[in-house]
1. By the gyration tensor of its Cα atoms, with a ≥ b ≥ c the square roots of the eigenvalues, what is the shape of the stretch 10-82: rounded for a/c under 1.5, prolate for a/b over b/c, or oblate?
2. With an 8 Å cut-off on Cα pairs and a minimum separation of 6 or more residues, tell me the relative contact order of the stretch 4-47 in percent.
3. So which of K12/K38; K34/K61; K12/K34 end up more than 19 Å apart, counting from Cα to Cα?
4. How much length would be gained if the chain were fully extended between Q102 and Q130, taking 0.36 nm per residue of separation minus their Cα-Cα distance, in nm to one decimal?
5. Specify the longest stretch of the chain that does not include any exposed loop site, a site being one of the chymotrypsin sites (Phe, Trp or Tyr not before Pro) with a non-H, G, I, E, B DSSP assignment and at most 11 other Cβ atoms within 10 Å.
6. If you average 1/r across every pair of different Cα atoms in the stretch 4-47 and take the reciprocal, what Kirkwood value do you get, in Å?
7. At a temperature of 4 °C and a viscosity of 1.567 mPa s, determine how fast the stretch 81-143 diffuses translationally according to Stokes-Einstein, using the Kirkwood radius over alpha-carbon pairs as Rh; express D in µm²/s, rounded to the nearest whole number.
8. In nm, what is the difference between 0.36 nm times the number of residues separating N3 and S60 and their Cα-Cα distance?
Amino acid sequence: MHNSKICYKCEKLLPLTEFHKRSVSFDGRLGTCKQCVKINSSAYRERHIERLRSYDTERSKSPARLRLAAKYTRIWRDRDARRCLCHNEVRKAVRNGVLIKQPCSVCGSEKSMAHHESYDRPLEVIWFCQLHHKARHKEIDTLGIKT
């Protein structure tokens with residue numbers, strides 16, 4: 001049996017692990033590599049963003065999704081109580097005018113959120129948009145920094 005195949009989109013020879021499983025295919029793998037699938041999915045979402053946002057909003061209101069969200073919120077809170085306390089402190093400080101919400105420190109987006117470099121200092125925050133906040137956490141995880 002072969003250990004590689006050619007993606008019909010990018011035409012690269014890649015190991016089978018670079019293709020999603022698909023039981024109905026001859027070799028048990030999709031014909032497009034994971035990277036090409038990702039590019040196609042992102043392009044599709046960009047072209048149909050309004051319809052997909054509406055769909056996502058409605059789907060998030062289903063009882064099963066709400067139960068699941070509550071479950072993961074409990075897990076998130078239980079995993080590190082300091083983190084939860086910090087988020088509450090920031091929320092109260094912004095509400096009371098002690099802390100002023102700032103735009104993203106990277107791109108300037110007004111849709112920003114507080115990021116804690118250390119949960120030991122609840123009101124020391126850096127403001128990031130969601131994209132840059134995720135990127136910062138990915139960087140922290142990669143470097144193995146303890147918060």
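1. Because a/c hits 1.5 or more and a/b exceeds b/c, the stretch 10-82 counts as prolate.
2. RCO, the stretch 4-47: 31 percent.
3. Cα-Cα > 19 Å for K34/K61; rest within.
4. 8.7 nm
5. 27-147
6. 10.7 Å
7. Rounded, D is 108 µm²/s.
8. Extra length available between N3 and S60 comes to 16.5 nm.
Any read-out appearing in this document is the output of simple, stated calculations on the displayed coordinates, not a laboratory observation. Since we're looking at a predicted model, the values are computed, not measured. Counting neighbours? That spans all protein chains shown, and the Cβs are built from the backbone with ideal geometry, glycine included.
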